[in-house]
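Input: a single structure, listed below in structure tokens.
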Amino acid sequence: MGFTIRDYADLDEPSWLRCRVLSFLGSSYFDDVRAARTTFAGDALQLVAVLPRPEGVTTPGAEQVVGILDVELWEESGEPVATIDTVAVHPDHQRAGIAGALLGTAVAELGHRPGGVRWLDAWTRQDPEACGWYEAQGFRLDQTYLHVYADAEADPRTKVPAPGTATGHTGAGPFGLGAPVKAFYHGPDEDPVKWRERFARVHQCRRYLRRLDTGSPGS
């Protein structure tokens with residue numbers, strides 16, 4: 001296997017951030033960049049896969065983060081459930097079983113929680129490799145909606161409506177500012193063609209669900 005899976009430590013943050021941004025760079029989340037590591041108000045599993053830090057890599061510590069899995073724990077109708085917040089593998093170390101090993105460790109830990117955990121879900125976009133991985137790990141598609149980006153600079157066809165104005169009309173922004181240049185919207189998935197005709201960047205966001213309170217992962 002080569003890599004080691006352990007709990008995240010504060011020293012890992014610079015390497016964690018590099019791993020996340022490099023992993024996301026080749027996906028439809030390429031601009032979801034963080035300057036600080038995600039923190040959680042409640043309970044969470046925070047796992048990393050690490051290797052000895054190579055020469056020339058300047059992040060602190062003796063190890064390099066090559067895989068990330070953060071799982072947030074919460075309750076629905078009084079029952080414990082969990083959501084994958086981040087799963088990422090450094091592009092130089094993909095297809096080495098790191099993501100699957102991280103998930104297996106997390107599922108085992110969730111199984112030892114008092115009362116167990118009903119289900120584990122994750123939200124991702126339509127990238128074939130990500131969706132294929134979730135399906136191979138026993139997740140099933142549960143629901144979808146759209147992520148729609150309006151960017152008047154990147155696409156001259158786009159008119160970004162100001163807050164409080166009718167869709168499609170520009171207007172002044174709040175606090176005496178000019179009209180918005182960029183915007184991000186959630187939208188229904190019933191007729192995505194009309195949104196793709198109007199906006200240059202439209203993603204289908206998918207919720208994948210894996211039951212943990214049954215005998216088989218995909219049931």
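Listed conditions (1) under 22 Å from Ala130 (Cβ atoms); (2) open to solvent by 70 Å² or more (accessible area, probe 1.4 Å); (3) touching a residue at least 12 places away in the same chain (Cβ under 8 Å) are all met by Arg95, apart from (3). Of all residues in the stretch 70-101, those that are polar (S, T, N, Q) and part of a strand (DSSP E or B) total 2.
When the test is whether a residue is among the acidic types (Asp, Glu), surrounded by fewer than 21 Cβ atoms within 10 Å (Cβ to Cβ) and assigned to a strand (DSSP E or B), Asp32 does not pass it. Annotation: Ala88 fulfils all but one of (1) over 27 Å from Leu146 (Cβ atoms); (2) surrounded by 20 or more Cβ atoms within 10 Å (Cβ to Cβ); the unmet one is (1).
Here Val48 passes the criteria (1) open to solvent by 30 Å² or more (accessible area, probe 1.4 Å); (2) touching an Asp or Glu at 6+ places or on another chain (Cβ under 9 Å); (3) touching a residue at least 24 places away in the same chain (Cβ under 8 Å); (4) closer than 23 Å to Trp133 by Cα except the one numbered (1).
Any residue that is farther than 19 Å from Gln137 by Cβ and charged (D, E, K, R) - is there at least one of those in the stretch 85-102? Looking through the stretch 85-102, at least one residue is farther than 19 Å from Gln137 by Cβ and charged (D, E, K, R). Go through the residues of the stretch 162-173 one by one and say whether even a single one is open to solvent by 100 Å² or more (accessible area, probe 1.4 Å) and at pLDDT 90 or above. No, the stretch 162-173 contains no residue that is open to solvent by 100 Å² or more (accessible area, probe 1.4 Å) and at pLDDT 90 or above. Scanning the stretch 102-149 for residues that are more than 30 Å from Pro188 (Cα to Cα), outside any helix (DSSP H, G or I) and open to solvent by 60 Å² or more (accessible area, probe 1.4 Å) turns up His112, Arg113, Pro114, Gly115. Gly215 falls short on exactly one of the conditions (1) modelled with pLDDT under 85; (2) more than 30 Å from Ala82 (Cβ to Cβ); (3) more than 25 Å from the chain's Cα centre (by Cα), and that condition is (2).
The values are calculated or read from the model by the stated rules, or taken from the named source; none is laboratory data. This structure is a prediction, so every number in the text was calculated from the model and none was measured. Neighbour counts run over all protein chains shown; Cβ positions are idealised from the backbone, glycine included. Remember, those area values only see protein heavy atoms, side chains included, never the ligands or the DNA or RNA. Shrake-Rupley method; radii C 1.70, N 1.55, O 1.52, S 1.80 Å.
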